[in-house]
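Following: one structure in structure tokens, then a few remarks.
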Amino acid sequence: MAVGKSSDFGSETDLVTDVERACTKSILATIGVGIWYSLLYALIRILTPPPTPTNGIQKVISQWMEPGSSSQPAPAWLEDFTRDITPIPCHSHNDYWRAVPLYNALAAGCTGVEADIWLSDNELLVGHNRHSLRKHRTLRSLYIDPLISILENQNTPQPFSNSSTLRGVFDTNPNKSVALLLDFKTDGALLFPTVEEQLLPLRQKGYLTYFNGSTVVPGLITVVGTGNTPFDQVIANSTYRDIFFDAPLSDLAAESKYTSENSYYASVSLSKSPGRTWFNKLSSKQVDTIKEQIKVADDRGLVSRYWDIPAWPVSLRTSVWEVLAQNGVGLLNVDNLAAASRWNWKFCTVLGLDLC
């Protein structure tokens with residue numbers, strides 16, 4: 001009988017031990033799941049861009065219609081236009097390809113936009129190539145007229161302000177100039193006078209950055225010519241000019257003629273200088289070249305810019321962005337506005353997945 005009781009006692013002890021183990025496993029599993037969800041939540045918080053600001057420009061974007069549309073045109077400006085938008089040094093590459101040209105870039109905070117222009121029947125059409133040109137998509141309809149409307153509304157007299165200083169696009173930094181880069185696609189000698197003519201309304205209202213013969217007077221809009229822009233026509237007027245040149249960044253050290261009095265950007269294709277990237281990163285020699293070029297541009301008072309930045313793989317694109325930003329590039333040339341302006345670049349690629 002004693003032996004039987006001992007055996008029963010041992011069985012009961014084993015049963016208790018099994019229950020304890022099961023409970024322990026359950027508790028540990030619950031804790032593990034909790035930790036996993038906490039880490040997942042924290043990761044989502046880190047990866048998720050901040051919410052889009054609620055402001056006038058977002059309402060304009062939601063109502064925007066293509067120029068020439070038979071529908072009622074959307075407003076070009078609404079109250080609290082750029083509230084909560086911080087201007088950042090990014091350039092909207094091929095901006096006319098955006099769902100809403102100009103406005104998408106400004107909503108991201110970009111201080112530079114780009115339009116490819118073609119002369120056709122004394123009109124400046126905007127598009128990447130001739131096949132994409134449409135008669136209603138013009139420099140005036142997509143850029144000049146909207147900018148005039150925006151700036152006129154930004155400078156409407158207010159009852160509690162007696163300031164005569166013109167206010168720019170960005171409410172958080174009203175002195176910030178927006179660069180309008182015009183890529184001349186057809187004969188520059190013929191394009192140039194037409195561009196000058198179409199800039200007249202901006203010029204008359206005092207919105208343009210200009211050179212007065214002795215100094216550069218900052219304006220709310222800075223017009224820059226690239227592509228087939230003729231440098232000799234840019235500098236032809238020695239007492240007044242409001243179209244500036246996009247100087248060749250890789251030649252800047254050897255060319256003294258490009259100064260802040262005639263140029264604004266200094267640009268080069270990344271694949272040309274410092275050259276193609278290998279092994280998914282810039283080499284130390286390439287980084288040194290970038291540092292030297294940016295310094296030369298800074299010393300001239302010019303805004304350095306690299307275009308032809310690889311879009312893929314995303315990790316390479318992001319690493320190039322980081323190198324340029326860390327070394328003080330004047331303006332970051334971007335295609336993906338959201339990734340450049342809203343995402344945390346360190347988490348654009350996670351566990352081999354491209355997120356931005």
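The values are calculated or read from the model by the stated rules, or taken from the named source; none is laboratory data. Not measured: the values here are computed from a predicted model. We place every Cβ from the backbone using ideal geometry, glycine too, and count neighbours over all the protein chains shown.
Is region 244-267 home to any residue that is crowded, with 16+ Cβ neighbours inside 10 Å and within 23 Å of Asn122 (Cα to Cα)?
Checked region 244-267: at least one residue is crowded, with 16+ Cβ neighbours inside 10 Å and within 23 Å of Asn122 (Cα to Cα).
Within the group Leu208, Leu124, Leu142, which residue is aliphatic (A, V, I, L, M) and farther than 26 Å from Gly330 by Cα?
None of the other options fit; the residue is Leu124.
Looking only at region 130-172, how many residues end up being acidic (Asp, Glu) and under 21 Å from Met65 (Cβ atoms)?
Going through region 130-172 one residue at a time, the tally reaches 2.
Out of curiosity, is Asp246 charged (D, E, K, R) and assigned to a strand (DSSP E or B)?
When the stated conditions are applied, Asp246 passes them.
Can you tell me which residues in region 291-305 are crowded, with 20+ Cβ neighbours inside 10 Å and part of a loop (DSSP other than H, G, I, E, B)?
Correct list: Leu302 only.
Out of region 189-216, which residues are touching a Phe, Trp or Tyr at 6+ places or on another chain (Cβ under 9 Å) and either loosely packed, with under 13 Cβ neighbours inside 10 Å or not in a strand (DSSP E or B) (or both)? Full working, then the answer.
From region 189-216, those touching a Phe, Trp or Tyr at 6+ places or on another chain (Cβ under 9 Å) are 191-192, 195, 201, 203, 209-213, 216; that's our starting set.
Within region 189-216, Leu191, Phe192, Val195, Pro201, Arg203, Thr209, Asn212, Gly213 qualify.
Only residues that are assigned to a helix (DSSP H, G or I), over 21 Å from the mean Cα position of the chain (by Cα) and of a type outside the set (Ser, Thr, Tyr): list them for region 249-290, please.
Asp251, Leu252, Ala253, Ala254, Lys272, Pro274, Gly275, Lys285, Gln286, Val287, Asp288, listed by residue number.
Taking region 318-332, which residues are touching a residue at least 12 places away in the same chain (Cβ under 8 Å) and part of a helix (DSSP H, G or I)?
Result: Thr318, Ser319, Val320, Trp321, Glu322, Val323, Leu324.
Please verify whether region 332-342 includes one or more residues that are modelled with pLDDT of 85 or more, under 20 Å from Tyr258 (Cβ atoms) and surrounded by 21 or more Cβ atoms within 10 Å (Cβ to Cβ).
Yes, that holds for at least one residue.
Of the conditions (1) at pLDDT 90 or above; (2) farther than 30 Å from Asp84 by Cα; (3) touching a strand residue (DSSP E or B) at 6+ places or on another chain (Cβ under 9 Å); (4) part of a loop (DSSP other than H, G, I, E, B), Trp312 fails just one. Which one is it?
Of everything listed in (1) at pLDDT 90 or above; (2) farther than 30 Å from Asp84 by Cα; (3) touching a strand residue (DSSP E or B) at 6+ places or on another chain (Cβ under 9 Å); (4) part of a loop (DSSP other than H, G, I, E, B), Trp312 misses just condition (1).
Test each condition in (1) without any contact (Cβ under 8 Å) to a residue 24 or more places away in the chain; (2) under 16 Å from the mean Cα position of the chain (by Cα); (3) over 27 Å from Asp187 (Cβ atoms) for Asp95 and report the one that comes out false.
(3) is the only condition that Asp95 fails.
Suppose the filter is modelled with pLDDT under 95 and touching a Leu at 6+ places or on another chain (Cβ under 7 Å); does Pro89 pass it?
So Pro89 fails the test.
Do we find a residue being modelled with pLDDT under 70, under 23 Å from the mean Cα position of the chain (by Cα), among the polar types (S, T, N, Q) and surrounded by 10 or more Cβ atoms within 10 Å (Cβ to Cβ) anywhere in region 40-53?
Within region 40-53, one or more residues are modelled with pLDDT under 70, under 23 Å from the mean Cα position of the chain (by Cα), among the polar types (S, T, N, Q) and surrounded by 10 or more Cβ atoms within 10 Å (Cβ to Cβ).
Residue-wise test of (1) surrounded by fewer than 19 Cβ atoms within 10 Å (Cβ to Cβ); (2) closer than 26 Å to Ala338 by Cα; (3) over 23 Å from the mean Cα position of the chain (by Cα).
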site: Leu28; (1), (2), (3): yes, no, yes
site: Gly32; (1), (2), (3): yes, no, yes
site: Trp36; (1), (2), (3): yes, no, yes
site: Gln63; (1), (2), (3): yes, yes, no
site: Thr82; (1), (2), (3): no, yes, no
site: Ile85; (1), (2), (3): no, yes, no
site: Gly112; (1), (2), (3): no, yes, no
